[in-house]
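Trainee: The structure that follows is given in the form of structure tokens.
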Amino acid sequence: CRGSLSQQVIQKYALERDSQPQTYGIGIKEIWEVPAGQCQPGLVVHSTGWPLDTQTYGGSFIYHLDNNQVAVGFVVGLDYQNPYLSPFEEFQRFKTHPEIRKTFIGGRRIAYGARALTEGGLQSLPKLAFRGGVLVGDAAGFLNVPRIKGIHTAMKSGMLAAEAVFPVLESPEAAEAATGGKTAYAYEDLFKQSWAYRELYSVRNIRPAFKWGLFPAMAYTGLEQYVLKGKMPWTIKHHGADHSALKKAAAARPIDYPKPDGELTFDRMSSVFLANLSHEENQPSHLKLKNPQTMLDVNLKEYAAPETRYCPAGVYEIVEENGKPQLQINAQNCVHCKTCDIKDPTQNIVWVCPEGGSGPNYGAM
Ligand code: SF4
């Protein structure tokens, strides 16, 4: 999702020109080892809403695994408006719900990670093919948002791309003649005829409906999925680009998050430790600022430095130097979630690939 190379290709060939802006969520996840009896292997729990306010899209997933392990995660739509919101703290707070805490109490965290998800669905799919290449999987954005599932559609897109490309490898001339010189573009046609397209079509309105708020969206989703069975003739538009959704700090309500208790809730640094990170300390920062001063003049002054809250790894910190605020970037803590590249209100942060494949080394994640 939001791959550096695919972003460049999408921009270079203007592949998004006929689609709506892609919209994203940030998913933060932990794996726990819990006392015997608190894990029911196979149990899946999804929730929507709490502890988020009703104008913010998001929810949780809990998967009970083997060996007394439980995966728990929380997703927040990156179109959230309040610059004081911290997806990390919302996740920590989620685990304190009486129905949720009983699964984790007495256990210990063994892994931590975070990643952005593409949530735009069918409306935001870019053109899938260009001269010399195709976009598959999350590079294009095939996630089925209400089911929080995308591996099956990503695999299908890869298979369809292979079906489109293989005749060219066998006989380029025959393939060119059969498609009028648009061989790679056959992939788009194959996708439109596939079950993956029909699946994404049937759920296309659920994510954009949440711009109306939690309760209207839930009522609408019930109507659409259970009464109309996903066969509505209309398509709802998305809200627009995520980075433009933030309100100025003066117009927003600060959020007072509880301090971590060290049992169920934790701080960012102890979390990042569980992401198994490795970045060479002396490599150039992979988090580039187009204009460093903008981070103080606009981000800090107008938006109260939202990057210090939306980053789930505490990479961005406002520190004081000679009595003046400065932005410190702890790039070695980055878990490569891509949220800063997406959510920065002035699009001033550019995430480039770090050296030598460094970053989080997720095992059980
Ligand atoms: S620096 Fe950016 S990509 Fe890295 S963890 Fe923070 S928000 Fe995610």
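Trainee: For the range 342-357, take each phi angle, set θ = phi - 60°, evaluate the Karplus expression 6.51 cos²θ - 1.76 cosθ + 1.60, and give the result in whole Hz per residue in order, putting x for glycine and proline.
Mentor: Couplings: 8, 9, 3, x, 9, 6, 8, 9, 10, 8, 10, 5, x, 5, x, x Hz.
Trainee: Could I ask something else about it? Compute the signed sum of charges (Lys and Arg +1, Asp and Glu -1) over the other residues within less than 12 Å, Cβ to Cβ, of Pro354.
Mentor: Surrounding charge for Pro354 is -2.
Trainee: Give the accessible surface of the range 1-116 per residue, rounded to a whole number of Å², with probe radius 1.4 Å and ligands, DNA and RNA excluded.
Mentor: Value for the range 1-116: 41 Å² per residue.
Trainee: Using a cut-off of 12 Å between beta-carbons, work out the net charge of the residues near Gly73 (Lys and Arg +1, Asp and Glu -1, Gly73 not included).
Mentor: Summing Lys/Arg as +1 and Asp/Glu as -1 gives +1.
Trainee: Express the Stokes-Einstein translational diffusion coefficient of the range 240-357 in µm² s⁻¹, to the nearest whole number, given a Kirkwood radius over alpha-carbon pairs, 37 °C and a viscosity of 0.692 mPa s.
Mentor: Translational D for this selection: 211 µm²/s.
Trainee: With r defined as the distance between the Cβ atoms of Thr346 and Asn282 and R0 fixed at 25 Å, what FRET efficiency is calculated, to the nearest 0.05?
Mentor: Calculated transfer efficiency: 0.30.
Trainee: Could you work out how much longer the chain between Glu33 and Phe166 gets when fully extended? Use 0.36 nm per residue separation minus the Cα distance between them, nm to one decimal.
Mentor: Additional length available on full extension: 43.3 nm.
Trainee: If every alpha-carbon in the chain counts as one equal scatterer, what log10 I(q)/I(0) does Debye give at q = 0.11 1/Å?
Mentor: -0.83
Trainee: Based on the mean of other beta carbon atoms within 10 Å per residue, what is the order of 311-318, 223-230, most packed first?
Mentor: 311-318, 223-230
Trainee: Which whole-Hz ³J(HN,Hα) couplings does the range 95-103 yield from phi under the Karplus relation 6.51 cos²θ - 1.76 cosθ + 1.60, θ = phi - 60°, glycine and proline marked x?
Mentor: 6, 8, 4, x, 6, 8, 4, 5, 6
Trainee: Relative to the present Cα-Cα distance, how much length would full extension add between Val45 and Lys324 at 0.36 nm per residue of separation? Working shown, then result.
Mentor: On the way: separation 279, 0.36 × 279 = 100.44 nm, distance 4.68 nm.
So the extension gain works out to 95.8 nm.
Trainee: Let me ask another. Beyond 20 Å, how much of the Cα-Cα pair distribution for the range 123-204 remains, as a whole percent?
Mentor: Pairs farther apart than 20 Å: 31 percent.
Trainee: Here is a further query. Beta carbons within 10 angstrom, averaged per residue: use that to sort the peptides 149-155, 122-128, highest first.
Mentor: Peptide ranking by packing, descending: 122-128, 149-155.
Trainee: Follow-up question, since we're still on this one. Mind listing P(r) for the range 236-302? All alpha-carbon pairs, 5 Å bins, whole percents.
Mentor: Over the range 236-302, the share of Cα pairs per 5 Å bin runs 3, 10, 10, 13, 14, 21, 19, 8, 1, 0 percent.
Trainee: If you bin the C-alpha pair distances of the range 101-145 every 5 Å from 0, what whole percents do you get?
Mentor: For the range 101-145, the binned pair fractions read 5, 16, 18, 13, 10, 10, 9, 8, 5, 3, 2, 0 percent.
Trainee: Translational diffusion coefficient, Stokes-Einstein: compute it for the range 1-132 using the Kirkwood radius over C-alpha pairs as Rh, at 10 °C and 1.306 mPa s, and state it as an integer in µm² s⁻¹.
Mentor: 95
Trainee: Students often check this: by mean Cβ neighbours within 10 Å, which of 245-254, 82-91, 130-139 ranks highest, and how do the rest follow?
Mentor: Ranked by mean Cβ neighbours within 10 Å, highest first: 82-91, 130-139, 245-254.
Trainee: OK, next. Taking only protein heavy atoms and a 1.4 Å probe, what accessible area per residue, in Å², does the range 123-204 have with all protein chains in place? Spell out each step's value before the answer.
Mentor: Values: 4120 Å² over 82 residues.
Heavy-atom accessible area per residue stands at 50 Å².
Trainee: Further, regarding this structure: How long, wide and thick is the range 302-365, going by the Cα atoms along their three principal axes, in whole angstroms, largest first?
Mentor: Taking the Cα atoms of the range 302-365, the three principal extents are 42, 24, 21 Å.
Trainee: List the lysines whose Cα sits under 17 Å from the Cα of Lys231, skipping any in the same chain fewer than 8 residues away.
Mentor: Reachable lysines: Lys192.
Trainee: Let me ask another. Quick check for you: with a 1.4 Å probe and neighbouring chains kept, what is the accessible area per residue of the range 244-286, in Å²?
Mentor: Result: 67 Å² per residue.
Trainee: For the chain, what is the charge dipole size about the Cα centre, in debye to the nearest 20, if Lys and Arg each add +1 at the Cβ and Asp and Glu each add -1 at the Cβ? Working shown, then result.
Mentor: Working: 37 positive and 36 negative charges, 184 e Å.
Here the size comes out at about 880 debye.
Trainee: Whenever you get a sec, compute what percent of the accessible area on the chain sits on carbon and sulfur atoms (1.4 Å probe).
Mentor: Working: 9520 of 17490 Å².
Carbon-and-sulfur percentage of accessible area, whole number: 54.
Trainee: Right, something else. Cα-Cα over 22 Å: which of Lys237/Lys290; Lys29/Lys343; Lys102/Lys211; Lys12/Lys247?
Mentor: Too far apart for the 22 Å limit: Lys237/Lys290; Lys102/Lys211; Lys12/Lys247.
Trainee: Counting other Cβ atoms within 10 Å, which trypsin sites (Lys or Arg not before Pro) in the range 265-365 have at most 13 and lie in a DSSP loop?
Mentor: Counting only loop positions with at most 13 other Cβ atoms within 10 Å, the trypsin sites (Lys or Arg not before Pro) in the range 265-365 are Lys290.
Trainee: If r is the Cβ-Cβ distance from Asp18 to Ala71 and R0 is 41 Å, what FRET efficiency results, to the nearest 0.05?
Mentor: 0.65
Trainee: Could you please state, rounded to a whole Å, how far the C-alpha centre of the range 130-203 is from the C-alpha centre of the range 225-300?
Mentor: Taking the Cα centre of the range 225-300 as reference, the centre of the range 130-203 is 31 Å away.
The values are calculated or read from the model by the stated rules, or taken from the named source; none is laboratory data. Given the structure is predicted, the values throughout are model-derived calculations rather than measurements. Don't worry about glycine lacking a Cβ; one is built from the backbone with ideal geometry, like all the others, and counts go over all protein chains shown. Heads up: the accessible areas ignore ligands, DNA and RNA and are worked out on the full protein's heavy atoms, side chains in. Shrake-Rupley method; radii C 1.70, N 1.55, O 1.52, S 1.80 Å.
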